Amino acid sequence: MIKEEIVATYIPNTREEQLAMLNEIGYKDFDDLFKHIPADAKVKGELNLPSGKSELEVDAIVQGLANKNVVFRSIFRGAGAYNHYVPATVDAIANKEEFLTAYTPYQAEISQGILQSIFEYQTMVAELTGMDIANASMYDGASAAAEACNMFKDRKHSTIYVSDAVDKRILKVIETYSFGRNTKVCVVPSKDGVTDKAALKEMLEADAESACFLMQYPNFNGIVENADELCQITHDADTKFIMYVQPLALGALKTPGEIGADVCVGEGQPLGLGLEFGGPYLGLLAANAKFMRQIPGRLIGETVDSKGDRGFVLTLQAREQHIRREKASSNICSNEALCALRAGIYLATIGPKGLKDVATLCSSKAHYLAEELGKVGLKLAYDGEFWNEFVTTCPDADKLLKALGDKGILGGLKLEDGNILWACTEMNTKADIDEVVAIAKEVF
Amino acid sequence: MKLIFEKSIPGRGQQIFPACDVPEVLPKVELRKSVAHLPEISENEMGRHYTALAKRAHGVNDGFYPLGSCTMKHNPRINEKMASLPGFTKLHPLQPACSVKGANELITGLEKALCEITGMDGVTFQPAAGAHGEFTGLLFIKSYHESRGDHERNEIIVPDSAHGTNPASATMAGYKTVEIKSNDKGMVDIESLKAHLGPKTAGLMLTNPNTVGLFDENIMEITKLVHEAGGLCYYDGANLNAVMGVVRPADIGFDVIHMNLHKTFSTPHGGGGPGSGPCGYKAFLAPFAPGLVSRDGGEYTRAEKSFGNMTGFYGNFLVMVKAYTYILTLGKEGIPAAAKNAVLNANYMQEKLKDLYPVAYDTTCMHEFVLCLEEIHKNDKVSALDVAKALLDYGIHPPTMYFPLIVHEALMIEPTETETKETLDEAITAFREIYEQIKNAPEAVCACPQTTPVLRLDEVKAAREPVLKYQF
């Protein structure tokens with residue numbers, strides 16, 4: 001219970017002060033202040049909610065809910081959310097209240113800290129992806145993909161092509177945005193776990209209205225597809241090429257910039273964000289400079305102040321909703337600035353060498369797990385080269401996953417066909433992997 | 001100050017990752033040739049870099065933040081503590097439903113509380129921010145009309161005072177925006193509304209209290225008229241802080257609504273997100289709800305005619321944890337008390353400023369009010385922007401400028417309920433001193449700010465010669 005003398009938690013003014021203020025500006029009481037609201041619009045009586053509680057009581061209630069969840073000690077599940085290490089610097093810096101409690105940096109003179117941190121983030125994302133420019137962030141990977149697809153809708157181009165080897169969760173969000181925008185989404189079939197190139201070529205050539213093609217890299221099955229070929233086929237058909245990436249894979253793999261992608265999007269969660277039950281995450285969006293004025297979302301640009309000193313501002317705002325209203329490139333306003341800050345801190349902490357190290361660690365652990373699982377009969381479902389995720393067959397996925405779960409291990413994700421999608425990160429030690437394999441051996 | 005890249009020295013860095021304990025293998029594909037120019041910097045230097053950046057930012061704890069329409073209230077520490085519990089942060093979104101019962105119980109509890117506050121029957125947490133919630137709400141409306149075979153309705157009515165996100169969201173949902181005029185009291189002009197309602201009307205988007213901080217006294221008639229024309233009513237919850245516990249959007253005729261958890265429910269704004277824009281809906285819209293939901297600890301299910309997903313998983317979960325913590329803390333007494341004190345603080349400031357700075361609509365306001373500096377600009381050549389910049393030298397974050405568009409030279413002030421009378425009085429004094437200066441030395445006001453880390457910035461140059469990343 002809240003002490004009676006306090007009006008309510010977080011309200012500083014006392015009842016006496018409130019009354020004095022009311023009287024000072026000509027109102028008898030709160031009823032008088034609210035008398036202009038029609039009576040039939042007002043809530044009758046109290047809300048049907050519990051009474052307010054002290055901090056200690058609230059702490060206990062919410063802790064109780066947290067304790068009802070299972071925290072696995074060892075995680076081999078990815079499929080869009082990855083258990084990467086978050087360096088101590090990330091929480092320490094991102095939790096500074098100046099970053100935490102600021103609004104969008106509209107007033108540049110007192111927001112240089114936020115603006116510069118995002119400018120640095122934009123630079124790091126451009127460097128990571130090899131693209132010319134990056135925006136200040138989107139909600140998450142899937143919504144970034146959906147917005148990217150809609151960048152290329154015009155009167156003559158309204159079909160969006162998405163590979164069947166893309167995560168169905170991403171496809172779902174693209175389809176939802178397309179339901180809004182009245183665009184058409186076509187799924188390009190896959191073969192042997194990768195995009196069917198011949199089908200892609202045929203579909204794009206037959207459609208004069210194709211706007212873009214989106215692939216995932218590595219794809220949902222973990223396979224690193226030949227993006228150069230897909231890019232060539234797409235560009236030959238005068239269609240824009242969009243890559244959806246796992247950013248840490250780019251510590252090793254050829255970048256979207258090197259491949260020639262028009263836009264690169266991705267889920268930024270691996271860059272210093274926890275698993276967090278799915279959010280808040282971070283939508284990455286980077287592009288070729290020629291699409292600068294079609295990019296959705298905030299962009300921070302460098303400029304000078306009246307003394308000629310360097311400073312940063314929100315720029316190219318003529319694309320945005322508060323200026324352009326119904327003609328804006330997107331309705332996005334708030335994005336995921338604090339998550340972008342985390343990603344910037346993460347990348348600055350690990351540096352170029354750490355980026356390469358973590359990409360190598362993820363790949364190596366995954367290949368070791370794949371090989372060891374193969375020895376106990378869980379064979380790779382596809383031939384394609386993979387980075388940190390791969391699909392194996394499994395005689396009884398439910399049984400294996402349960403056995404792992406009983407030991408505090410979150411195994412791979414069971415797919416519709418009964419196969420399992422496994423993921424490794426730098427967090428999985430050789431001992432953890434050997435334990436999984438030993439349990440699999442025991443089960444089958 | 002230097003950029004982090006300018007502090008980077010090759011060979012420096014931090015040891016985060018261990019040596020590889022299995023054979024090193026990379027996929028046999030083409031690998032990256034270019035080196036990513038990421039900073040190479042020690043932990044100490046990096047810590048100082050970001051501390052310097054933090055000193056060049058202004059958060060709620062740095063000073064008064066009356067940014068209209070943004071509800072920059074105090075962000076409680078307990079919210080952050082709860083959202084950092086490993087029982088929440090270490091959950092994989094694709095863990096079995098039976099292993100995340102506490103998380104789903106929290107989501108369901110928050111849904112129930114928000115239903116009670118808004119009068120709605122269900123809430124989806126899929127949207128990651130307010131504008132995302134608007135888009136979601138419009139997809140509910142679109143799904144509803146389409147399910148009835150009513151394909152002619154392609155117009156969304158939006159008042160000229162609306163947030164820019166409203167028309168932008170309407171476009172994303174495939175609708176044509178029809179703008180209606182506000183009347184001389186700053187409210188919806190009923191005749192203009194009637195003239196635009198018809199068989200093409202899909203719905204109306206309305207903020208109430210509206211963007212000039214006024215509660216629309218004709219609200220019951222407005223929503224009735226829209227319904228009679230076959231349209232649905234969408235409530236933009238940006239200003240819910242003014243009426244929570246006092247007025248429920250569902251009770252005044254709204255069918256679908258979004259809320260900004262990062263405003264009204266005090267999960268912080270983070271310098272521009274992450275937010276959370278849950279969308280509340282009446283029961284007849286429930287079949288269209290997006291996303292997967294686990295109720296009572298059961299498996300995940302999807303609504304029968306769901307229009308899809310707005311985000312990859314379940315929305316911004318940790319933001320929900322903070323909002324739930326906040327609602328538990330405030331409770332049934334604290335929620336209306338917060339709204340009432342927010343309205344009191346706004347009216348107090350309005351009353352103490354309006355003799356010098358004309359108010360756009362001189363009447364009882366809700367949680368915010370709008371000053372109109374048109375006359376001052378004309379007579380003294382000092383603009384709303386100049387006054388805003390002058391406030392910076394007082395350590396006050398300026399109000400929202402040049403919005404809503406129906407008020408010229410607008411300054412929109414929202415003090416919020418968590419500010420003391422002393423803080424309001426200090427800000428009032430600042431505004432009044434600036435007014436004195438406008439009259440005595442207007443050029444000095446136009447030269448503000450003088451005490452900030454940088455002076456006024458050249459926005460034209462930034463847009464004409466865009467530099468969006470560091471040039472190595």
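Bear in mind that the values in this text are calculations on the coordinates, not laboratory data. Not measured: the values here are computed from a predicted model. In this analysis, Cβ positions are derived from the backbone assuming ideal geometry, glycine residues included, and neighbour counts consider all displayed protein chains.
Observations on the structure shown:
- Residue B:459-residue A:304 pseudo-label distance in nm [points 7 Å out on the Cα-to-Cβ vector]: 2.0 nm
- Put simply, the amide H of residue A:78, placed in the peptide plane, has neighbours under 5 Å in A:413, A:423, leaving out anything fewer than 5 places away on its chain.
- Net charge of neighbours whose Cβ lies under 12 Å from the Cβ of residue A:432, counting Lys and Arg as +1 and Asp and Glu as -1: -1
- Amide N proximity, region B:314-357 versus residue A:61 label position 7 Å along Cα-to-Cβ, cut-off under 19 Å: B:318-339
- Signed unit charges on C-beta, dipole axis of region A:307-444, positive-most listed residue A:412, A:354, A:393: A:354
- When B:354, B:282 are arranged by Cβ crowding within 10 Å, least crowded first, meaning fewest neighbours, the order is B:354, B:282.
- Amide H within-cut-off set for residue B:180, under 5 Å, with H built and near neighbours excluded: B:158, B:160
- At least 30 Å along the helix axis (C-alpha) and Kyte average at least -0.5, DSSP helices within chain B: B:317-353
- Radius of gyration and Dmax over the Cα atoms of the protein assembly as shown, both given in Å: 27.0, 88
- Dipole of the protein assembly as shown, positive direction: furthest Cα of B:69, B:183, B:213, with charges on the beta-carbon: B:69
- Evaluated at q = 0.21 Å⁻¹, a Debye calculation over the C-alpha positions of region A:327-419 (equal weights, vacuum) places log10 I(q)/I(0) at -1.02.
- FRET efficiency, 1/(1 + (r/R0)^6) with R0 60 Å, evaluated for residue B:176 and residue B:451 via beta carbons: 0.80
- Taking Cβ atoms as reference points and 10 Å as the exclusive limit, the residues near residue B:356 contribute a net charge of +2, counting Lys and Arg as +1 and Asp and Glu as -1.
- Those lysines that a straight Cα-Cα span of less than 22 Å connects to residue A:379, excepting residues fewer than 8 apart in one chain: A:191, A:365, A:399, A:402, A:414, A:430, A:441, B:28
- Computed on chain A, the Cα convex hull volume stands at 208 Å³ per residue.
- Net charge dipole, region A:15-67: roughly 240 debye, given to the nearest 20, about the Cα centre with Cβ charges of +1 for Lys and Arg and -1 for Asp and Glu.
- When the alpha carbon gyration tensor of region B:78-328 is reduced to an equivalent ellipsoid, its three semi-axes come out at 32, 20, 14 angstrom, largest first.
- The GluC sites (Glu not before Pro) of region A:205-269 meeting both criteria, a DSSP state outside H, G, I, E and B (loop) and at most 15 other C-beta atoms within 10 angstrom of the site's C-beta, are A:209.
- Charged neighbours of residue A:227, selected by a Cβ distance under 13 Å, balance to -4 (K, R count +1; D, E count -1).
- Among B:293, A:43, B:226, a tally of other beta-carbon atoms within 10 Å of each Cβ gives an order, fewest to most, of A:43, B:293, B:226.
- Gaussian network model of chain A, Cα within-10 Å springs - most flexible of A:348, A:252, A:198: A:198
- In this simple spin-label approximation, residue A:95 and residue B:354 carry label points 7 Å from Cα along the Cα→Cβ vector, and these lie 4.5 nm apart.
- Here the spin labels are modelled as points 7 Å beyond Cα on the Cα-Cβ line, and at residue B:405 and residue A:442 they lie 6.6 nm apart.
- Per-peptide average of other Cβ atoms within 10 Å, ordering B:341-350, A:47-56 highest first: B:341-350, A:47-56
- With Cα atoms, 0 to 90° folded angle of helix A:430-443 axis to chain A main axis: 70 degrees
- Mean Cβ neighbour count within 10 Å, used as a protection proxy, ranking A:104-117, A:271-284 highest first: A:271-284, A:104-117
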